[in-house]
Every structure is written in C-alpha cells, then in structure tokens.
Amino acid sequence: MPHSFIQQVETHISSERLLAYAMRHGEHIDPKITLARYMLNMALCESLYPALQNCEIALRNAIHHHLTRLMGREDWYEAPSFGLTMWAQDEVRKVKIKIQKMNKPLTAGRVVSELQFGFWTSLFEAHYEQHTPFLPRGIKAVFPHLPKSMHKRKDRKNDLEQVRGLRNRVFHHERIVHWRDLDAQHQLILNVIGWISPELQRVTAAMDRFQSVRAAGLTPFLSREVWEPKTP
C-alpha cells in the first residue's frame, strides 16, 4: 500500500478527524487500521439511518395525532391551555420564521415536520406531566403497544434521550464505532418503533443492515480491492 495513498486520503478528510479513529499498538499507529475504522464508522452510521428516520417520524406523528385529538386543534402547540415550556415556544417560533422565509403557507403540518427531534423528546419532561393534560395518560396513546408496566414517563424519557444522542452523532458524522453498547442502542430504536407500530417495525427490519455491518467489522475495509488500484 503506497504511503501516498494514505496521505492523499488524509488530506481530504483531515488528519485531526482520522486521529479519532487511531488505535495504538505500543507506540505504533497503523494508518490502514485507522482508515478502516473510519470507513466502518461511516458504514455503521449509514446502516442506522432507516431505523433512526422511522423512529423520529413515527414518534412525532404519534404525538401530533394524539395532541390534535386531545386539544381539538391541529396547532395544539398554540393552545394556551397546553402550556409549552419557554424553550419549546422558542423552537416553534424559530420554525415559523423559517417557514415564512421560504414563502410557504404556515400550516400545522409544516410546523410539525420542521420541529427538531429534541422538541419531541422534550415533551416527556416532568413539566408536561405536571402542567399539561398530555402526560401520563398520553404514554398509552403515543405508545399503544408498550406494556403497561413500562408506562413510566422518566424511563421513556431516558430511552428517547438515548435515541436522540445516537441520532445526533450519526447525523453529524461523529464517531460511534467505539461504543460498546451500540447493539443495545440499535435494539432500543427498534423497540421504540415497535411500541408505536409493530408494522413499521417490520418495515424497518426489512431495510436494516446494522447487524450484518456490525458482524463484518473491519474485514470488508481491509480487503485488497480497497487498497490496491486495479491493473488495466
């Protein structure tokens, strides 16, 4: 493997970024292993996209549909009796400004689709149990297939925060290859989807390549085809 190959790749990715994937063997760092770990990280992130995307969309739609029925209006986030936190109100305000700048109609559907995942996970904070009609009864409405023994707001909030943390790292191209509990994190995403819709969980599983990518490890990225140019 020519040293110039690694140098060229490093130039375009940056040595600082690749350094996060380096594994020391004494004083020696194998640049080939480093780059392979970087590639594996990208493959793992890619494999998590279907589950993360379906989880986020299903969660926000389940909450939106329930709160629309509960408050009797699609723009439930505007209802004075619902009482969003100041942070959540600000998130809605920023989304509305964004939609207006795009010269699009300011509909409830557009607001809901533009709100970030953090907005939806924040709705499981204690505030919404203490000061709104959403929780705790809303847990059953949002997660109709969740066992009754698991209808605990704080536990489900922790679950959603774990999903959000992984989602943010994946969507911002950060390192996850070193996470020892990545298999459990992946399963948690599938569980959340299943609590909302077993049918969507099956659709997600049909697209899910995480386990195969995880099992293959570095091997596909250390193959001869990656490192040696094809001869004419």
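The values are calculated or read from the model by the stated rules, or taken from the named source; none is laboratory data. Keep in mind that this is a model prediction, so the values were computed, not measured. Positions of Cβ are backbone-derived with ideal geometry, glycine not excepted, and every protein chain shown enters the neighbour counts. The area values use the complete protein model at the heavy-atom level, side chains included, leaving out ligands, DNA and RNA. Shrake-Rupley method; radii C 1.70, N 1.55, O 1.52, S 1.80 Å.
Structure notes:
- Wholly within the range 77-162, helices (runs of 4 or more DSSP H) carrying at least 2 residues that are open to solvent by less than 50 Å² (accessible area, probe 1.4 Å) and in contact with a Leu (Cβ under 6 Å, 6 or more places away or on another chain): 86-101, 117-122
- Residues of the range 166-208 satisfying the condition of being farther than 30 Å from ALA141 by Cβ and either in contact with a Pro (Cβ under 8 Å, 6 or more places away or on another chain) or not in a helix (DSSP H, G or I) (or both): HIS172, HIS173, GLU174, ARG175, ILE176, VAL177, HIS178, TRP179, ARG180
- Boolean, TYR49 is touching a residue at least 40 places away in the same chain (Cβ under 8 Å), out of contact with any His (no Cβ under 6 Å at 6 or more places or on another chain) and open to solvent by less than 60 Å² (accessible area, probe 1.4 Å): no
- Contacts under 7 angstrom Cβ, first residue in the range 99-119 being at positive phi, partner hydrophobic (A, V, I, L, M, F, W, C), 6 or more apart: none
- For the range 209-225, the candidate set comprises residues that are among the charged types (D, E, K, R) and part of a helix (DSSP H, G or I); within that set, the residue that is surrounded by the most Cβ atoms within 10 Å (Cβ to Cβ) is ARG214.
Residue by residue, here is whether (1) surrounded by fewer than 16 Cβ atoms within 10 Å (Cβ to Cβ); (2) modelled with pLDDT under 80; (3) in a strand (DSSP E or B) holds:
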| position | (1), (2), (3) |
| --- | --- |
| MET1 | yes, yes, no |
| ILE6 | no, yes, no |
| VAL9 | yes, no, no |
| HIS12 | yes, no, no |
| LEU18 | no, no, no |
| TYR21 | no, no, no |
| ILE33 | no, no, no |
| ALA36 | no, no, no |
| LEU40 | no, no, no |
